[in-house]
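The block underneath contains the structure these notes are about, expressed in structure tokens.
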Amino acid sequence: MTDHRHSPETTVFVNTCVGNPAICTMTPITTAASWELHLKWGEDRGWTSVNPAAYYKCKNNMRYPECAQ
């Protein structure tokens, strides 16, 4: 594992209008939290989603998935 990133749950409000005449309301759109580890195996590299427990157990230079157990 070479890096990690966490995105907290976020909510944004979008103005939604329907009808004529328009009736507008603010609609909440929520994106779930995510936890990811950046893995490197030879020339292969990429991000993989993990659960929060694995995210906090694994540190840089540890081997995944062993570090998550």
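Among the candidates 15, 20, 60, single out the residue that is loosely packed, with under 10 Cβ neighbours inside 10 Å and not in a strand (DSSP E or B). Talk me through it step by step, then tell me what you get.
Values: 15 fails: not in a strand (DSSP E or B); 60 fails: loosely packed, with under 10 Cβ neighbours inside 10 Å.
Going through 15, 20, 60 in turn, the sole match is 20.
Could you look through the stretch 17-33, keep only residues that are among the small types (Gly, Ala, Ser) and within 30 Å of residue 7 (Cα to Cα), and pick out the one that is nearest to the chain's Cα centre (by Cα)?
33
Out of the residues in the stretch 1-12 that are in contact with a strand residue (DSSP E or B) (Cβ under 8 Å, 6 or more places away or on another chain) and of a type outside the set (S, T, N, Q), state the one that is surrounded by the most Cβ atoms within 10 Å (Cβ to Cβ).
Per the criteria, the residue is 1.
From the list 31, 48, pick out the single residue that is polar (S, T, N, Q), closer than 13 Å to residue 68 by Cβ, surrounded by 11 or more Cβ atoms within 10 Å (Cβ to Cβ) and out of contact with any Pro (no Cβ under 9 Å at 6 or more places or on another chain).
From the options 31, 48, the qualifying one is 48.
Any residue that is without any contact (Cβ under 8 Å) to a residue 12 or more places away in the chain and part of a strand (DSSP E or B) - is there at least one of those in the stretch 46-55?
Here is the first cut: in the stretch 46-55, the ones without any contact (Cβ under 8 Å) to a residue 12 or more places away in the chain are 46.
Narrowing further to those that are part of a strand (DSSP E or B): 46.
The answer is yes, given that some residue of the stretch 46-55 is without any contact (Cβ under 8 Å) to a residue 12 or more places away in the chain and part of a strand (DSSP E or B).
Coordinate-derived values only; no laboratory data. Just so it is clear, the structure is predicted and the values come from calculations on it, not from any experiment. Note that each Cβ is placed from the backbone with ideal geometry, even for glycine, and that neighbours are counted across all protein chains shown.
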